[in-house]
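Asker: Got a structure for you, written out below as structure tokens; questions coming shortly.
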Amino acid sequence: MGPAGRLDPFYEASMKPAPFQYHAPKTVAEAVVLLAEVAPADGRVLAGGQSLVPTMAFRLARPTHLVDINGIAELGRIAVADGKLVIGACVRHAAFYRPVADGPLGLLLARVVRHIAHHPIRTRGTFCGSLVNADPASEWCLVAATLGAEMVAQSRHGRRVIAAADFFEGVMSTALQEDELLVEARLPLLPPDTHYGFYEFSRRAGDFAIAMALATYRLEDGRMVEPRLGIGGAEPKPRRIVAVERMLEGQEPSPEAFASAAQAAAKAVEAMDDSNYSADYRRDLVETVTRRALDQAVQAECRTGEP
Ligand SMILES: Cc1cc2nc3c(=O)[nH]c(=O)nc-3n(C[C@H](O)[C@H](O)[C@H](O)COP(=O)(O)OP(=O)(O)OC[C@H]3O[C@@H](n4cnc5c(N)ncnc54)[C@H](O)[C@@H]3O)c2cc1C
């Protein structure tokens, strides 16, 4: 700051981002009080910085305050409690390289994380930051929507739990209020006999998905039960395709059943249309990624072996 609290013109011209004030709370309670104060003036939470900082560097985002949550020890927690995997706000993508929970959930997350960006980004970017950022092509958003995650939001006024189905509202838009901190996300553990498959199509390794599918089911007497199918990347927000889940329920896993399900998924999506990819192209990809995710789920290794 220069005289009389004015910004130093040298600072203004020499920094990539627009000027901001930096805050480093040590507790969640401190963070939410700060957030309540600065959010109306476009104060933002800083987690891994892997989405926010590049937009600040281009001055597309100009937050006047940053509330850096990286010094809050309790937010680094990752634990299993009451049948759920609890993922604190500062848990990085890279934490999932090895299974973080016994059974299929840990293996599934270890498979999915390899598709998120590149290693350096995965060492800083956070699971919860991805959820709040709500990019339609975010792998963690698809996982949260498909498996029915719960998001725990905290503000000065207390805590509330938001179901994934209510959390994602559209392209980079969620139900989180500006003064709320997403303190943790909770994913239900998957039963040990769950089959799962994840398939993503992107132009190059590490690019954002153009379309991706996540499928899970269990088998009873050789027939699929409790099937879940989620699609991401193709629509403004990831979601379960319930009509296709109903088609799969009670059927034997077979190429024919999967082909029909994939066609139905492609018909069900309201695919985005933009200058890069047409809606028709995205719909075609939805058919392909759905079939491949279902095919992958058949393989025994998905249940017991390497992710
Ligand atoms: C080159 C590149 C490629 C990428 N590829 C992919 C990819 O393939 N798939 C993918 O999913 N992502 C990708 N990303 C994004 C990356 O995964 C980010 O880490 C993630 O989107 C945001 O997490 P973050 O912790 O870095 O959040 P930040 O950048 O710190 O924050 C992002 C936004 O969320 C808010 N926020 C963050 N955490 C909280 C919280 N706990 N409570 C309230 N608000 C919060 C911030 O205020 C900000 O508005 C890529 C990024 C880059 C730079």
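Asker: Hey, what angle do you get for helix 279-298 against the long axis of the chain, alpha-carbon based, 0 to 90 degrees rounded to 10?
Answerer: Approximately 60 degrees, to the nearest 10.
Asker: Over the chain, what is the percentage of antiparallel beta bridges among all DSSP beta bridges, to the nearest 5?
Answerer: Numbers: 40 of 47 bridges.
Looking only at bridges with both residues in the chain, the antiparallel portion is about 85 percent.
Asker: Here is a follow-up. Which semi-axes, in whole Å and largest first, does the equivalent ellipsoid of segment 140-218 have when worked out from the alpha carbon gyration tensor as the square roots of 5 times its eigenvalues? Kindly include the intermediate steps, with their values, before the conclusion.
Answerer: Numbers: eigenvalues 139, 67, 17 Å².
Output for segment 140-218: semi-axes of 26, 18, 9 Å.
Asker: For Cα pairs less than 8 Å apart in space and 6+ apart in sequence, what is the mean separation divided by the residue count of segment 7-86, i.e. the relative contact order in percent?
Answerer: Relative contact order comes out at 38 percent.
Asker: Please compute the contact order of segment 243-287 in relative form: average sequence separation of alpha-carbon pairs under 8 Å and at least six residues apart, divided by the residue count, as a percent.
Answerer: In percent, rounded to a whole number, it is 34.
Asker: How far, in degrees from 0 to 90, does helix 28-38 lean away from the longest principal axis of the Cα atoms of the chain, to the nearest 10?
Answerer: Relative to the chain, helix 28-38 is tipped by roughly 70 degrees.
Asker: Okay, moving on. How many percent of all Cα-Cα pairs in segment 71-125 sit more than 17 Å apart? Working shown, then result.
Answerer: Working: 558 of 1485 pairs.
Distances greater than 17 Å cover 38 percent of the Cα pairs.
Asker: Here is a follow-up. In whole Hz, with x marking every Gly and Pro, tabulate ³J(HN,Hα) for segment 101-108 from phi via Karplus 6.51 cos²θ - 1.76 cosθ + 1.60, θ = phi - 60°.
Answerer: Values, residue by residue: 9, 5, x, x, 4, x, 5, 4 Hz.
Asker: Specify whether the C-alpha gyration tensor of segment 11-68 places it in the rounded, prolate or oblate class, a ≥ b ≥ c being the square roots of the eigenvalues: rounded for a/c under 1.5, otherwise prolate if a/b is larger than b/c and oblate if not.
Answerer: It comes out prolate by the Cα gyration axes.
Asker: At a 10 angstrom cut-off on C-beta neighbours, averaged per residue, how do the peptides 178-190, 261-273 rank from highest to lowest?
Answerer: Going by the mean number of other Cβ atoms within 10 Å, highest first, we get 178-190, 261-273.
Asker: Taking a quarter of the surface of the convex hull around the Cα atoms of segment 61-214, what do you get in nm²?
Answerer: Here the figure is 9.6 nm², rounded to one decimal.
Asker: Here is a follow-up. Please give the charge dipole size of the chain, origin at the Cα centre, charges +1 on K and R Cβ atoms and -1 on D and E Cβ atoms. Round to the nearest 20 debye. If you can, show how the numbers build up before the last one.
Answerer: On the way: 33 positive and 38 negative charges, 135 e Å.
Result for the chain is approximately 640 debye, rounded to the nearest 20.
Asker: Which three semi-axes in whole Å describe the equivalent ellipsoid of segment 191-301, each the square root of 5 times a Cα gyration tensor eigenvalue, listed largest first?
Answerer: One finds semi-axes of 25, 14, 11 Å for segment 191-301.
Asker: Another question, if that's okay. Taking the Cα atoms of segment 1-138, what is the range of coordinates along each of the three principal axes, in descending order and whole Å?
Answerer: Cα extents, longest axis first: 60, 31, 22 Å.
Asker: Hey, could you grab the Kirkwood Rh for segment 34-94? Inverse mean 1/r over distinct alpha carbon pairs, Å, one decimal.
Answerer: Details: mean 1/r = 0.0762 Å⁻¹.
About 13.1 Å, per the Kirkwood formula over Cα pairs.
Asker: Given the alpha-carbon gyration tensor of the chain, what are the semi-axes of its equivalent ellipsoid in whole angstrom, ordered largest first, with each equal to the square root of 5 times an eigenvalue?
Answerer: Details: eigenvalues 283, 91, 51 Å².
Values for the chain, descending: 38, 21, 16 Å.
Asker: Another question, then. From Cα pairs below 8 angstrom and at least 6 apart in sequence, can you work out the relative contact order of the chain, rounded to a whole percent? Please report the intermediate quantities before stating the final value.
Answerer: Values: 670 pairs, mean separation 46.7, N = 307.
About 15 percent, as a whole number.
Asker: Let me ask another. With the chain treated as a Gaussian network of Cα nodes joined by springs under 10 Å, which of Q21, Q50, Q154 yields the largest mean-square fluctuation?
Answerer: Q21
We did not get these values from a lab; they are worked out from the coordinates using the rules stated. Values in this document were obtained by computation on a predicted structure and should not be read as measured data. Positions of Cβ are backbone-derived with ideal geometry, glycine not excepted, and every protein chain shown enters the neighbour counts.
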